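The values are calculated or read from the model by the stated rules, or taken from the named source; none is laboratory data. Note that the coordinates shown come from a computational prediction; the quantities given were computed from them, not determined experimentally. Here the Cβ positions follow ideal geometry from the backbone for every residue, glycine too, while neighbour counts run over all protein chains shown. SASA here: full protein model, heavy atoms, side chains in, ligands and nucleic acids out. Shrake-Rupley method; radii C 1.70, N 1.55, O 1.52, S 1.80 Å.
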Amino acid sequence: MKISKNQKYVWHILLWWIVSATYTRSFTLENNKNNSLQRHRRDFDLQEVPEPCDFGSVIRLYKCYWNVPPNVSRSQTQWRSGMGSSAYWIGGPRTDHTGADTSSGYVFYETSKLASNTVIPDSDYGSNQLFSPEYNHTGPSGQCLSFYYNIGGLSAKSLRVLLRNSRKEDTVLWESKDNSDGTWYMGEVALSYGERYRILFEAVSTEQSLKKLNYRGYVALDDVRFDTIPTKEGCVGHCTFEGGFCDWTNMDEDDFDWELGRGSSSFLTGPPRDHSSYGKDEQTGGFAYISTAYPRRPGDTAMLRSPNFPTTGDNAPLCMRFATHMFGNGVGTMRLVLKNEDDSDRTVWELSGSSGSSWHKAQVTISSMSPFQLLLIAIVGNQFGNIAIDDISFRSGPCPAVPQTAAKDNGDCSFEENMCHWSNPAPLDELDDIDWARQYFYDQSGPSLDHTRGDGKGYYMNLLTNTPLISKGGTRGWLVSSRFRPTSNTKCITFHYWMYERLIDPAGLSLGSLKVFVRLMKPGKPLSPLWRLYNHQGERWFPARAPIVTTKDRLPPQTPYEIIIEGTWGEGRVGNIAIDDITFFDGDCTTEPLGAAAVIGECIFERDMCGWTNISDLDDGTSTVAPTTEPKTANSVEESPWKMAKIDNKPSGLMDHTFRSPAGFVFFDVFHKNFIQRPKLRSPLLEVSLSGVRCLGFWFVVFGRSDATALEVVLLDMSEAENIKRTVIWRLEARNFANASRTDWSYAQVSVETKGNYYLNFEGESSDGGFALDDVNFFEGSCHTRPPAAVGKG
């Protein structure tokens, strides 16, 4: 068939259209594919690192890129800008962190009753959440999120940092449950995530059932910043092992190296995936590990070295947290060694053997008086098994070693599993009256939550009350540590305590006391007080700290020793005395709280006279300061000494002031003498304070019929050994005191000012009567003389 010219033209047009359409479609598909790849590559390469945010100042307060949920109702509160100058008006801390002043900004969340309902209808966020923009990913090396936080008030419970993925699932990255009492603390989080995410700060109020919600409180944030890891700005030593070993390095002095992995190739060894994605449907994550398979031999070691850390000092230990996976019958040992600047080594954590095919959380306190590094040492066992580590992080403060078997009997204990070699004395020892019990909250017994977990299911040690022996004040219980070896460096004990009295008697606080002693393992087993606190402190857990030194010379114990924690019930007993999270670390730490420091010369006269001694009237304080040992002469007068009160030997009807027990004070009592008796009670040698002045406080009772009955406080200044200066700094005569005919305790105080070390005498006068003394204490600084009837003279 012959084709016409017109038909040829039509075919040409049709063929051109087909070819053109095919080429265009091919070009479009290829172009779209390239654009998609480029967009995906751009998304993957985009590691957004937001600018630091200090939340402005009085000139302009702002939240930077941090957002609050919309549509918050009037019955709810949300994160808001604030500064110290408005703290008493709208809430928040009294200063910010950036400038430590009242005119620089921060953000905070009010935690009282108004803020307790955080649910917002039709919203993905709670009113208590502060959230970032959505980011693509962190990059394989990860990012360091650092910030400063401040938690205060009865209604505030905690601050949490959450990572929310594109499926709106939250993962808790960091949490603090400790009240900071107005102090700003630093928080750091190393995070690595391969998908789109947001960061949320979440403020948590206490449980709504508690009356604490009626009281004001806040959770505050300041100086939030992100940095790409590794960075010198923060997160030193932190590592998730997603993009490498961070700033940890394999050492040359070992037999083989740690490796990076993302999942074991065997069902019988190693983790199936990393710690952060374990048990989750996520495909990202890595870890560091060693394999004990061929060609490894038993005893081979692999060492991973940390970056350099500065000295922690006496008061700033670090808590190192990490995840471990040790699986296989011949898995071997993992050891954490602290290497000081002088190349001395100290093992701080060690674990051996298989712990199953699961990741386990671990932690240990790190402290050093010089710059240091940490060594993660893996030792091959019987050539079957893997050792893996993941998610290393550090945060300020001590923490009990976990697991307890890795602590090597160092005294640390969270009491979650057992009592960690802490024990109650046997009844036959006759050292105490009642026991401490490891327990959780039940049937209104003990604190409502523990410190470790922060809930009602955690364990702590509680001083028992459900025993017939607690029929009187002064009943005490001991908790005794395992035996420690002497060390050349001073160690510090830290713990958290709960001292809460539910009902306060009109006569005053009467919960009891909590004390810490060091008991030396030598003849007589002498006790040296380290820390003490009395009566009600508050309905929450408080941090405590004390250096372990002997009282006399403030040196570390030179013999083996034990730590004694003593709880004593007062007359009230309507409340709780409990402890949790005991930790030891190297450092000559300052006592926390400062008022709990044990001071030489302080005494409540429950157990003994604390170094106070009777001296003879022949010693006038100018020739010698030691109790006289001269034999009595024919003209000597037999003085009535100061005595420890006993149930069958004490002034009639007089109860102890400290615990209102039948005994527990000292007294002198003169019966119908024809001459004046002058009993003297002398202190141990007292050290001059840093300011040169202290306030002496004590409680006293005056009794008897003689108007000539009197009590003096005499200062013997030892700053010049050859010229001891004797000064009466306080004197009270019974005839001038309104309470002279009663058996009520009265408070007294007087300033003690010296240039050097000194002694104090309590010197009595009476021919028919006496005085009782209790609760001798010292406070820094001067004070007004009390009672007004007392006078001092030179």
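I'm told LYS525 meets every condition in (1) touching a Gly at 6+ places or on another chain (Cβ under 9 Å); (2) under 27 Å from VAL776 (Cβ atoms) except one. Can you identify the failing condition by its number?
(1)
Of (1) touching a Pro at 6+ places or on another chain (Cβ under 8 Å); (2) modelled with pLDDT of 85 or more; (3) under 19 Å from PHE762 (Cα atoms), ILE647 satisfies all except one. Which?
Going through (1) touching a Pro at 6+ places or on another chain (Cβ under 8 Å); (2) modelled with pLDDT of 85 or more; (3) under 19 Å from PHE762 (Cα atoms) one by one, ILE647 breaks only (3).
Out of all the residues in region 551-566, which are open to solvent by less than 20 Å² (accessible area, probe 1.4 Å) and at pLDDT below 95?
If the condition is that a residue be open to solvent by less than 20 Å² (accessible area, probe 1.4 Å) and at pLDDT below 95, then PRO556, PRO557 are the ones that fit.
Any idea which of LYS168, LYS177 is at positive phi and at pLDDT 90 or above? Full working, then the answer.
Numbers: LYS177 fails: at positive phi.
The match here is LYS168.
For the subset of region 473-500 comprising residues that are in a loop (DSSP other than H, G, I, E, B) and among the basic types (Lys, Arg), which member is surrounded by the most Cβ atoms within 10 Å (Cβ to Cβ)? Don't jump to the end; show me each part of the working.
Going through region 473-500, the residues in a loop (DSSP other than H, G, I, E, B) turn out to be 473-475, 481-483, 485-490.
Retained after the next criterion (residues that are among the basic types (Lys, Arg)): 483, 485.
Details: ARG483: 14, ARG485: 8.
Checking each candidate, the answer is ARG483.
Which residue out of GLY692, GLY704 is in contact with a Lys or Arg (Cβ under 7 Å, 6 or more places away or on another chain) and more than 30 Å from ASP433 (Cα to Cα)?
Details: GLY704 fails: in contact with a Lys or Arg (Cβ under 7 Å, 6 or more places away or on another chain).
One residue alone meets the criteria, GLY692.
Return yes or no: is LEU514 buried (at least 20 other Cβ atoms within 10 Å of the Cβ) and either at pLDDT 95 or above or touching a Lys or Arg at 6+ places or on another chain (Cβ under 6 Å) (or both)? Steps first, please.
On the way: buried (at least 20 other Cβ atoms within 10 Å of the Cβ): yes; either at pLDDT 95 or above or touching a Lys or Arg at 6+ places or on another chain (Cβ under 6 Å) (or both): yes.
Criteria met by LEU514.
Provide a single number: the residues in region 66-95 that are over 12 Å from TYR218 (Cβ atoms) and touching a helix residue (DSSP H, G or I) at 6+ places or on another chain (Cβ under 6 Å).
Here the count works out to 1.
So which residues in region 784-794 are part of a loop (DSSP other than H, G, I, E, B) and closer than 24 Å to GLN677 by Cβ?
Hits for region 784-794 are PRO787, ALA789, ALA790, GLY792, LYS793.
Can you name the condition, by its number, that VAL236 falls short on among (1) modelled with pLDDT under 95; (2) in contact with a strand residue (DSSP E or B) (Cβ under 6 Å, 6 or more places away or on another chain); (3) under 23 Å from SER192 (Cβ atoms)?
Against the list (1) modelled with pLDDT under 95; (2) in contact with a strand residue (DSSP E or B) (Cβ under 6 Å, 6 or more places away or on another chain); (3) under 23 Å from SER192 (Cβ atoms), VAL236 comes up short only on (2).
I'd like to know if region 341-348 contains one or more residues that are open to solvent by less than 50 Å² (accessible area, probe 1.4 Å) and either in a strand (DSSP E or B) or over 30 Å from ASP170 (Cα atoms) (or both).
Taking region 341-348 first, the residues open to solvent by less than 50 Å² (accessible area, probe 1.4 Å) are 344, 348.
Filter once more, so that each one left must be either in a strand (DSSP E or B) or over 30 Å from ASP170 (Cα atoms) (or both): 344, 348.
Within region 341-348, one or more residues are open to solvent by less than 50 Å² (accessible area, probe 1.4 Å) and either in a strand (DSSP E or B) or over 30 Å from ASP170 (Cα atoms) (or both).
Only one of GLY697, GLY595 is open to solvent by 40 Å² or more (accessible area, probe 1.4 Å), among the small types (Gly, Ala, Ser), at pLDDT 85 or above and under 24 Å from TRP730 (Cβ atoms). Can you tell me which?
Details: GLY697 fails: open to solvent by 40 Å² or more (accessible area, probe 1.4 Å).
After applying the criteria, what remains is GLY595.
Looking at (1) open to solvent by 20 Å² or more (accessible area, probe 1.4 Å); (2) closer than 21 Å to VAL402 by Cβ; (3) not hydrophobic (A, V, I, L, M, F, W, C); (4) not in a strand (DSSP E or B), which one does ASN315 not meet, given that it meets all the others?
(2)
Scan region 649-680 residue by residue and report those that are open to solvent by less than 50 Å² (accessible area, probe 1.4 Å) and assigned to a strand (DSSP E or B).
Across region 649-680, the qualifying residues are VAL666, PHE667, PHE668, ASP669, VAL670, GLN677, LYS680.
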